[in-house]
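Input: a single structure, listed below in structure tokens.
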Amino acid sequence: MARFRLGTRGSPLALTQAGMVRDALCAAHGWVPEDIETVVIKTTGDRVQDRALAEIGGKALWTKELDRALMAGEIDACVHSMKDVETIRPEQIRIAAMLPRADVRDRLIGAERIEDLRDGAVVGTSSPRRRAQLLRLRPDLDIVLIRGNVDTRLAKVAGGDMDATLLAAAGLDRLGRDECGHAIPTDVMLPAPAQGAVGIEVLAGSTAHAIVEAIDHADTSACVRAERALLARLGADCHSPVAALAALAGETLSLRAELIAEDGACDVAGSIEGALGDDLGTALAVDLLTRAPDSVRRLFAA
């Protein structure tokens, strides 16, 4: 009988990431794979594919069923793509660990560069951030909603339903699709907060907390927590076009971020640097909100 139950969504990427967590736990504790049971839990976000997340409940659609299973004692821990985890979590649940962060960039599928897309090209995305960033760079683009897993999105472009789409480099790499698309530099498109990071949540005070904490990658956790602190102070939700990226050099953490109008017409950007442990996310959020034009500020609940 498995000693540890790991909850996950059932998409190919989610299962791959659960396998990464399983392997890390085995390495840390001298377990064998059979000591860990992977429990697949269907989420609302997986079932509803024809509408934007913002219209039907936001990021909680990826987490609420896993939260329920965790709090009901059906699983010991659950695996998430951290960029899909809402900023405010139930008080009974803790992020116990994050795996080493992968490539944070977006990849463009369908062209080598955004400027290479034809006039009026149709680009599929469900991300308000990507939509706003694309329209800022190319106001002529026709941005349409696309949902579904990686294969579904790649097929839409290959089949001519749209000219291009954007996917996270980390997800493509984890699925062995590192040859797909062209990476967009972060100075062209800053990524979503926590993009490229895999997190593991547990119940507060549970025996699972220490088990999972053993695989935490401290640098990734420090950076992602700073990005999430920025989101929390902004009052950002799945409607809010926000991008952020933290980096750690020794004991110095730097954070840059931008808030963008939905139509890409205006934005505000900034950066901050300080000691590890300083609340840089909150400080940068206050600075951005102070300087943001009304069309940007109204997108945040702060």
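Checking each residue in the stretch 81-110 for being assigned to a strand (DSSP E or B) and either within 21 Å of Leu167 (Cβ to Cβ) or not charged (D, E, K, R) (or both) picks out Ser81, Ile93, Ile95, Ala96, Ala97, Met98, Asp106, Arg107, Leu108, Ile109. Charged (D, E, K, R), touching a Leu at 6+ places or on another chain (Cβ under 9 Å) and either closer than 19 Å to Ala257 by Cβ or outside the structural domain of Arg22 (by TED's automatic domain parsing) (or both), is that true of Arg113? When the stated conditions are applied, Arg113 does not pass them. Out of Ala247, Ala197, one residue alone is buried (at least 19 other Cβ atoms within 10 Å of the Cβ) and either among the aliphatic types (A, V, I, L, M) or in contact with a Phe, Trp or Tyr (Cβ under 9 Å, 6 or more places away or on another chain) (or both). It is Ala197. For Asp142, indicate whether it is under 23 Å from His182 (Cβ atoms) and buried (at least 22 other Cβ atoms within 10 Å of the Cβ). It is false that Asp142 is under 23 Å from His182 (Cβ atoms) and buried (at least 22 other Cβ atoms within 10 Å of the Cβ).
Quick grid of which residues meet (1) at pLDDT 95 or above; (2) out of contact with any Gly (no Cβ under 6 Å at 6 or more places or on another chain); (3) among the charged types (D, E, K, R):
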{"residue": "Ala2", "(1), (2), (3)": "no, yes, no"}
{"residue": "Pro12", "(1), (2), (3)": "no, yes, no"}
{"residue": "Gln17", "(1), (2), (3)": "yes, yes, no"}
{"residue": "Arg22", "(1), (2), (3)": "yes, yes, yes"}
{"residue": "Leu25", "(1), (2), (3)": "yes, yes, no"}
{"residue": "His29", "(1), (2), (3)": "yes, yes, no"}
{"residue": "Asp46", "(1), (2), (3)": "no, yes, yes"}
{"residue": "Gln49", "(1), (2), (3)": "no, no, no"}
{"residue": "Leu53", "(1), (2), (3)": "no, yes, no"}
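Residues in the stretch 155-188 that are part of a loop (DSSP other than H, G, I, E, B), free of Cβ contacts under 8 Å to residues at least 40 places away in the same chain and of a type outside the set (D, E, K, R): Gly159, Gly160, Gly176. Residues that are modelled with pLDDT of 95 or more and under 18 Å from the mean Cα position of the chain (by Cα) number at least 2 in the following strands (runs of 3 or more DSSP E) confined to the stretch 189-284: 198-203, 242-249, 252-260.
Inside the stretch 157-185, can you point out the residues that are surrounded by fewer than 16 Cβ atoms within 10 Å (Cβ to Cβ) and among the β-branched types (Val, Ile, Thr)? Scanning the stretch 157-185 gives no hits. Residues that are touching a Leu at 6+ places or on another chain (Cβ under 8 Å), part of a strand (DSSP E or B), farther than 28 Å from Thr152 by Cβ and in contact (Cβ under 8 Å) with a residue 60 or more places away in the chain within the stretch 1-45 comprise just one, Phe4. Under the condition of being outside any strand (DSSP E or B) and of a type outside the set (D, E, K, R), which residue from the stretch 118-132 is farthest from Ala155 (Cα to Cα)? Selected residue: Ala132.
Applying the set (1) farther than 17 Å from Pro191 by Cα; (2) among the hydrophobic types (A, V, I, L, M, F, W, C); (3) part of a strand (DSSP E or B) to Leu289 leaves exactly one unmet item: (3). When the test is whether a residue is outside the structural domain of Ala261 (by TED's automatic domain parsing), on the phi > 0 side of the Ramachandran plot and out of contact with any Phe, Trp or Tyr (no Cβ under 7 Å at 6 or more places or on another chain), Gly176 passes it.
The values are calculated or read from the model by the stated rules, or taken from the named source; none is laboratory data. None of the values given here were measured: they were computed from a predicted structure. A quick note on method: Cβ atoms are made from the backbone with ideal geometry, for glycine too, and the neighbour counts reach across all protein chains shown.
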